[in-house]
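Heads up, the thing below is written out as structure tokens.
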Amino acid sequence: MTNPIPSFAHANVTRDERGIYTLQITDAKSLNILASPVTLSLTEAFCWISQQQDALALVIRGSGEKAFIGGANIYEMAELDPQEARSFITRLRQLCETVAAIPVPTIARIPGFCLGAGLELAAACDIRLGSTDAVFGMPEVRVGMPSVIHAVLLPSLIGQGATNWLLLTGETIDAEQALRWGFLQFVSEPATLDALIERTIAPIAASGPCAVRSQKALLSYWAKSSIEAGLDRSVQTFGETFTTDEPRRYMEPFLTRKQHRETK
């Protein structure tokens, strides 16, 4: 039984018959800017999605095709005092951490601008798919502040040298460069971006839901653990998998096809 989807001030959440959720940022200007009310609303929506047991995956997108997220609200930041600045950035940190903690695969759909806090939120996702017109950057130093919070993920995603260039120059890169650096997994023409999203979603939806959640949990653990601890957790998780009938149910079609070929 699925729960009714609540309304959120700056997020339109939908769910298809497979259990694929989509969160679209709404009423955040044409570039989906993260002002504090938007940040708080999105955090609330992501928290709700995290609790949905029928969820298989989540696609995160902006409204329109101009941007994924064009960054945080510069007009709001210009008025901050030191304490307000800490509160402002803490809200953005909590937003990114909420996305990273979602127990199912998260896919960032990235057309147009993906800048600053938007790039950090994309970095917190599991998979990033972009269009050829996408533009990526961390321009904070150009407006008198360092890049912080989930920019910390970038060295592990794109390497230290690429991170140094991006954060120290404040310059932007195109989708081709983001793909070469490994920030994007695939790129398509704008008109086929949704088809690219579906090519990633379809195999996730066809897989064992418990297995996908376990795999994501392992990936998160591996990123922070030693190899030995990761191996130990892997053995434990593999054993726990067989406390359910999911492996048997999902292996059955493969076994049936093999038996059918052998009897021919």
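Read-outs throughout are calculated quantities, based only on the coordinates presented, and are distinct from any laboratory measurement. Predicted model, so just to flag it, every value in this text is computed and none were measured. All Cβ positions, glycine included, derive from the backbone under ideal geometry; neighbour counts span all protein chains shown.
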Estimated FRET transfer efficiency when R0 is 30 angstrom, pair Asp27-Ala85 (beta carbons, to 0.05): 0.75
GNM result for the chain, Cα springs below 10 Å: residue of Arg91, Arg142, Arg248 fluctuating most strongly: Arg248
Cα-based equivalent ellipsoid of the range 209-262: semi-axis lengths in Å, sorted from largest, via gyration tensor: 29, 11, 10
All-pairs Cα distance distribution in the range 11-205, expressed in whole percent, bin size 10 Å: 9, 39, 38, 12, 1
Relative packing of peptides 46-58, 156-168 - highest average C-beta neighbours within 10 Å first: 46-58, 156-168
The chain - charge dipole about Cα centre, Lys and Arg +1 at Cβ, Asp and Glu -1, debye rounded to 20: 740
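Can you tell me how much longer the chain between Ala9 and Asp54 gets when fully stretched, taken as 0.36 nm per residue apart minus their C-alpha distance, in nm with one decimal? Let's see the in-between values first.
Numbers: separation 45, 0.36 × 45 = 16.20 nm, distance 2.33 nm.
Residue separation times 0.36 nm, minus the Cα-Cα distance, leaves 13.9 nm.
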Antiparallel DSSP beta bridges within the chain, percent to nearest 5: 30
Using a Förster distance of 30 Å, the FRET efficiency for Trp222-Glu198 (Cβ separation, nearest 0.05): 0.60
Chain lengthening between Met251 and Thr2 when straightened (0.36 nm per residue, less Cα-Cα): 87.0 nm
Two-site label geometry, Ala191 and Gln160: point separation in nm, points 7 Å out along Cα→Cβ: 4.5
Angle in degrees between helix 36-50 and the longest Cα principal axis of the chain, rounded to the nearest 10: 10
Computed FRET value (nearest 0.05) for Val143 with Phe238, which takes r as the C-beta separation and R₀ as 41 Å: 0.25
